[in-house]
Amino acid sequence: MSGVEIHLGSGTYPGYRADHLFDVATVAVASPELARGDPPLGQPADLAHHVLLHDDAMDLVAHGRAWQKWLEGRGRS
């Protein structure tokens, strides 16, 4: 039996051929009210004062560190 599957992940699947289809872009999304909130959200470092929600699927690509990698990509850690 043969078939095709599309997975979000590292691309390492023993016993299977994996072809890279596209890169993943991580984008932070927030309510406009956060910019005026208390404390305000104006730069990546301000995220330390807020609850961070995420999609577990992003942890697959970031090896459990999706927010940390996003912050590092903006010069913060």
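The one condition from (1) at pLDDT 80 or above; (2) of a type in the set (D, E, K, R); (3) open to solvent by 100 Å² or more (accessible area, probe 1.4 Å) that Asp38 does not meet is (1). Is there any pair with a first residue in the stretch 54-77 that is under 18 Å from Asp23 (Cβ atoms) and a second that is loosely packed, with under 15 Cβ neighbours inside 10 Å and among the aliphatic types (A, V, I, L, M) whose Cβ atoms are under 7 Å apart and which are 6 or more apart or on different chains, and what are they? Correct list of pairs: Ala57/Leu8; Leu60/Leu8; Val61/Leu8; Val61/Val24; Trp70/Ala28. Within the stretch 66-77, can one find any residue that is basic (Lys, Arg) and open to solvent by less than 100 Å² (accessible area, probe 1.4 Å)? Checking the stretch 66-77: at least one residue is basic (Lys, Arg) and open to solvent by less than 100 Å² (accessible area, probe 1.4 Å).
This table checks each residue for (1) under 30 Å from Ile6 (Cα atoms); (2) in contact with an Asp or Glu (Cβ under 9 Å, 6 or more places away or on another chain).
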| residue | (1), (2) |
| --- | --- |
| Thr26 | yes, no |
| Ser31 | no, no |
| Arg36 | no, no |
| Pro40 | no, yes |
| Asp46 | no, no |
| Asp55 | yes, no |
| Gly64 | yes, no |
| Arg74 | yes, no |
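Conditions (1) part of a helix (DSSP H, G or I); (2) more than 16 Å from the chain's Cα centre (by Cα), marked per residue:
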residue: Ile6; (1), (2): no, yes
residue: Thr12; (1), (2): no, yes
residue: Thr26; (1), (2): no, no
residue: Ala35; (1), (2): yes, yes
residue: Gly42; (1), (2): no, yes
residue: Asp46; (1), (2): yes, yes
residue: Leu60; (1), (2): yes, no
residue: Gln68; (1), (2): yes, no
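The values are calculated or read from the model by the stated rules, or taken from the named source; none is laboratory data. Since we're looking at a predicted model, the values are computed, not measured. Glycine also receives a Cβ, built like all others from the backbone with ideal geometry; neighbour counts cover every protein chain displayed. Just the protein is used for accessible areas: all its heavy atoms, side chains included, with ligands, DNA and RNA removed. Shrake-Rupley method; radii C 1.70, N 1.55, O 1.52, S 1.80 Å.
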